[in-house]
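Asker: Please read through the structure below; I'll follow up with questions.
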Amino acid sequence: MSQDSEIQYYHHGRFRVAGGVLPDAITAYQTFGDPKNPVIVFPTCYGGKLDSESPKSLLMALRLITESDNGLLGQSYMVGEDKALDPRKYYVVTFALFSNGESSSPSNTPTPYNGPYFPAVSYEDNIRAQHAVLTQKLGVKKVFCVIGFSMGAQQVSVFVEKNDGFAEALYIPICGSARTSPHNQCFLEGPKAALSASKDFQDGHYKSTPQHGIRAFGRAYSSWAYSQAWYAKKGYLFDGKYTSLNDFLREDWEAGFLEGWDANDLLVLLRTWQTGDVSLIRDGGYFANCLGAIKARGLIMPCKKDLYFTPEDSENEMKYLNNAKLIIIDSEWGHMAGGGSNAEDVEFVKAEYYHHGRFKVAGGVLPDAVTAYRTYGDPSNEKVIVFPTCYGAKLALGSQDYLVGEGKVLDPNKYFVVTFALFCNGEPAPYGGAYFPFVSYEDNIRAQHAVLTKHLGVRKVFCVVGFSMGGQQSYHWPVVFPDFVERFVAICTSARTSPHNQCFLEGPKAAMFASKDFADGHYQSTPQHGIRAFGRVYCAWAYGQSWFREYKHLMDGEYPDLNSFIRERWEGRYIEYWDANDMIALLNTWQKGDISIVRDGGDYEKALKNIKAKGLIMPSKTDLYFPPEDSEIEVSHLKDAKLHVIPSIWGHVAGGGGNPADVVFISEKIKEFLQAP
């Protein structure tokens with residue numbers, strides 16, 4: 001998908017910035033997708049413009065010269081169908097920085113603030129302007145994720161710090177830092193001096209393009225963008241595109257800045273970069289306190305050989321962040337690894353998606369099946385733990401976080417943890433809506449096994465842990481691959497979906513099918529009536545009766561009454577995060593779950609007795625889906641399994657992290673099980 005959305009311009013009127021005032025400040029932006037979807041903000045970086053044609057190949061996505069020779073760095077390498085920021089799944093808003101030549105800049109601002117008289121602009125100024133566009137023009141109430149590369153990454157940190165509660169879910173800085181380091185500031189002095197001292201720059205009062213200055217700027221800058229190893233391997237030849245280092249510098253760096261950039265714009269934007277420091281916003285320079293106050297979940301992605309924003313800087317930031325994960329891009333492309341220059345790095349940054357190609361499932365074929373997953377910890381750790389999602393769970397929403405993390409039972413310091421999204425959970429988007437074929441648990445397990453063995457190099461899984469539908473996958477793992485799994489933990493689940501469980505699921509399914517806007521799965525917009533009805537039918541089953549009797553649904557004052565609880569927590573969350581066809585397809589997988597049909601011809605007892613892996617079975621005392629009686633029968637047939645009933649009134653939700661006391665109980669039992677010989 002090309003970036004075919006037109007650039008739009010928001011006029012702020014008189015707007016105060018760090019260095020003074022802009023009489024009529026303008027922010028350029030683009031939007032992609034349906035405004036009803038989760039909102040993702042994706043600001044530009046240094047050298048970045050919105051008005052960039054899509055590259056003809058991933059390799060050329062963020063080169064200083066694209067194959068259209070327009071000298072621009074675009075956002076298209078991450079925005080588009082089947083890319084990380086897919087407009088079918090998200091409402092993506094891209095912003096141009098002040099001074100990039102599209103938003104208010106020295107090159108396009110009339111007197112008296114034109115050219116060298118343009119005031120200094122901070123990251124905070126940019127974020128205030130972007131917030132105004134989002135709230136006053138686009139009507140955005142919450143931002144699901146803020147993502148950015150380089151200067152875009154620095155904006156990400158400022159955005160979440162400045163807009164606490166507005167950007168509440170995720171932030172992803174790629175090859176950036178929350179504060180520009182002294183060394184980074186020093187490196188930027190080089191290209192700045194080369195331009196400022198040139199014979200044709202004329203202190204910014206040039207009448208025509210200062211070619212000498214801009215060419216010198218590009219050459220002074222170029223050695224920092226890629227690593228020494230990249231240059232040593234002659235990466236600058238780009239597989240024959242250039243014949244020498246000088247060709248690369250002249251055509252890629254000099255021409256890129258000459259064709260697409262104004263000299264004063266380059267310098268003002270560079271100053272924004274040099275003065276970047278998130279702690280100056282409201283913590284008086286106290287960096288640790290500032291980072292510690294960030295509530296959103298972070299994914300910090302430096303490049304191993306970045307010469308601007310080194311991974312050591314990111315590691316230092318991680319000491320103060322309370323809710324962040326660090327993933328280092330292992331690439332020789334240096335800083336440019338995060339911006340789309342190298343196809344392999346694009347796939348790494350995109351997220352963790354494994355493309356199976358043509359993949360046979362129970363109900364037919366998926367032309368290009370994709371499994372979404374996340375990894376935590378050291379891949380060389382032989383103690384591999386698999387933790388698949390359940391019904392209603394998404395990796396992007398942190399659904400697995402209640403058990404995964406430092407100090408938690410699935411600690412990445414002790415284990416290599418791999419979390420998987422079920423087919424049909426919307427990660428990535430569904431194929432064909434109502435025509436999506438039926439997918440079984442066995443199909444999911446085969447797909448996950450392929451990721452582990454073909455992509456991650458895993459030879460054996462120490463333990464599979466799962467809750468609800470994740471727990472049914474835990475049961476299936478040692479049946480589908482009996483010699484690959486040593487242990488399994490099944491929480492609030494069963495090895496076979498019981499007739500009563502199947503019957504209960506018919507209720508929400510029927511409510512969806514019968515709704516006036518579901519249109520047999522061929523809806524053109526979100527079928528709100530159907531999804532709301534689905535949520536209302538479903539919600540009474542999730543908790544124990546005692547839980548409702550004790551008014552736990554009020555969530556300690558979060559909701560004033562039962563209807564508010566149902567509307568906000570059940571209707572609202574399904575409408576916000578789920579597609580109706582996904583919900584039905586995933587429910588069908590659940591209804592037909594049965595380990596005995598994999599290889600034992602429907603003989604349930606035989607299937608249980610043939611499981612060689614050690615098991616830990618943990619039903620909830622008050623679970624209405626998977627009652628403890630079902631688990632007791634299963635344990636009686638398993639060769640080596642322990643049963644621990646969760647003593648909770650939270651019903652099925654007891655196993656999914658809803659109640660802290662239940663998480664403690666579950667964690668203690670899992671810890672004992674994992675440490676046992």
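Asker: Can you give me the C-alpha center-to-center distance between region 363-402 and region 305-336, rounded to a whole angstrom?
Answerer: Region 363-402 and region 305-336 have Cα centres spaced 23 Å from each other.
Asker: List the trypsin sites (Lys or Arg not before Pro) in region 239-324 that DSSP assigns to loop (not H, G, I, E or B) and whose Cβ has at most 10 other Cβ atoms within 10 Å. Which are they?
Answerer: Values: sites: Lys241, Arg250, Arg271, Arg282, Lys295, Arg297, Lys304, Lys305, Lys319; in loops: Lys241, Arg282, Lys295, Lys304, Lys305, Lys319.
When the trypsin sites (Lys or Arg not before Pro) of region 239-324 are filtered for loop state and at most 10 Cβ neighbours within 10 Å, Lys319 remain.
Asker: Could you work out how far apart the two model spin labels at Arg88 and Thr453 are, taking each label as a point 7 Å from the Cα in the direction of the beta carbon, and quote it in nm?
Answerer: With each label point 7 Å from Cα toward Cβ, the separation is 2.9 nm.
Asker: How large a share of the accessible area of the chain, in percent, is made up of carbon and sulfur atoms when the probe is 1.4 Å and the other protein chains stay in place?
Answerer: Details: 13120 of 26790 Å².
Solvent-exposed carbon and sulfur of the chain make up 49 percent of the total.
Asker: Which cross-chain or sequence-distant (5 or more) residues have an amide H under 5 Å from the amide H of Ser99, H modelled 1.01 Å from N in plane?
Answerer: Ser104, Ser105
Asker: Using the alpha-carbon centroid of each, what span in Å lies between region 275-301 and region 173-219?
Answerer: 27 Å
Asker: Then there's this: If you take the Cα atoms of region 366-423, find Rg, then find the Kirkwood Rh from the mean of 1/r over all pairs, what is Rg/Rh?
Answerer: On the way: Rg = 12.1 Å, Rh = 11.9 Å.
When Rh is taken as the Kirkwood radius, the ratio is 1.01.
Asker: Based on the alpha-carbon set only, what is the convex hull volume of region 162-292 divided per residue, in Å³?
Answerer: Numbers: hull volume 21.7 nm³, N = 131.
Here the figure is 166 Å³ per residue.
Asker: In nm, to one decimal, how far is the Ser564 label point from the Asn381 one, both placed 7 Å along Cα→Cβ?
Answerer: 4.2 nm
Asker: Quick one: work out the % antiparallel among DSSP beta bridges in the chain, nearest 5.
Answerer: Values: 25 of 70 bridges.
Once the DSSP bridges in the chain are tallied, antiparallel ones form about 35 percent.
Asker: Quote the Stokes-Einstein diffusion coefficient, in whole µm² s⁻¹, for region 423-505, based on the Kirkwood radius over alpha carbon pairs, a temperature of 4 °C and a viscosity of 1.567 mPa s. Numbers along the way, then the final one.
Answerer: On the way: Rh = 14.0 Å.
Result for D is 92 µm²/s.
Asker: Once the cut-off is 21 Å, how many percent of the Cα-Cα pairs in region 103-192 end up in the long-distance tail?
Answerer: Values: 1732 of 4005 pairs.
Tail of the P(r) past 21 Å holds 43 percent of the pairs.
Asker: Translational D (Stokes-Einstein, µm²/s) of region 239-304 at 37 °C and 0.692 mPa s when Rh comes from the Kirkwood sum over C-alpha pairs? List each step's numbers first, then the result.
Answerer: On the way: Rh = 15.9 Å.
Rounded, D is 206 µm²/s.
Asker: Length gain on complete extension for the stretch Lys137 to Asp483, per 0.36 nm per residue less the alpha carbon to alpha carbon distance?
Answerer: 118.8 nm
Asker: Beyond 16 Å, how much of the Cα-Cα pair distribution for region 484-585 remains, as a whole percent?
Answerer: Values: 3322 of 5151 pairs.
In whole percent, the share of Cα-Cα pairs in region 484-585 beyond 16 Å is 64.
Asker: Next question. Please compute, over every Cα-Cα pair in the chain, the percentage with a separation greater than 43 angstrom. Don't jump to the answer; show the numbers that get you there.
Answerer: Values: 66394 of 228826 pairs.
Summing the P(r) of the chain above 43 Å gives 29 percent of all pairs.
Asker: Okay, helix-only estimate at 222 nm for the chain: each DSSP H run of n ≥ 4 adds -39500 (n - 2.57), divide by all residues, round to 500 deg cm²/dmol; what do you get?
Answerer: Numbers: 23 runs with 217 residues, N = 677.
About -9000 deg cm²/dmol.
Asker: In Å², what does the accessible area per residue of the chain work out to with a 1.4 Å probe?
Answerer: Using a 1.4 Å probe on heavy atoms only, each residue of the chain averages 40 Å².
Asker: If you bin every alpha carbon distance in region 558-646 into 10 Å steps from zero, what whole percent lands in each bin?
Answerer: 14, 28, 30, 20, 8, 0
Asker: Another question, then. Dipole of the chain, Cα-centred, from +1 at each Lys and Arg C-beta and -1 at each Asp and Glu C-beta, to the nearest 20 debye? Before the final figure, lay out each step's value.
Answerer: On the way: 66 positive and 77 negative charges, 136 e Å.
Dipole about the Cα centre, nearest 20: 660 debye.
Asker: Would you mind computing, in nm to one decimal, how far apart the modelled labels at His500 and Tyr117 are, each placed 7 Å from Cα along Cα→Cβ?
Answerer: Each label point is offset 7 Å from its Cα along the Cβ direction, giving 8.1 nm.
Asker: Here is a further query. With +1 assigned to the C-beta of every Lys and Arg and -1 to the C-beta of every Asp and Glu, and no other charges, what is the dipole magnitude of region 249-290 about the Cα centre in debye, to the nearest 20? Walk me through the numbers before you get to the answer.
Answerer: Values: 3 positive and 8 negative charges, 65 e Å.
Dipole of region 249-290, to the nearest 20 debye: 320 debye.
Asker: Which one, Ala132, Phe149, Phe159, is farthest towards the positive end of the dipole of region 114-164 when Lys and Arg carry +1 and Asp and Glu -1 on their Cβ?
Answerer: Ala132
Asker: Also, quick follow-up: Please give the net charge around Phe98, taking every other residue with its beta carbon less than 10 angstrom from that of Phe98, where Lys and Arg add +1 and Asp and Glu add -1.
Answerer: Details: positive: none; negative: Glu102, Asp125, Asp265.
Net of charged neighbours comes to -3.
The values are calculated or read from the model by the stated rules, or taken from the named source; none is laboratory data. Everything numeric here is computed off the predicted structure, so don't read it as measured data. Cβ: placed from backbone, ideal geometry, glycine included. Neighbour counts: every protein chain shown. The area values use the complete protein model at the heavy-atom level, side chains included, leaving out ligands, DNA and RNA. Shrake-Rupley method; radii C 1.70, N 1.55, O 1.52, S 1.80 Å.
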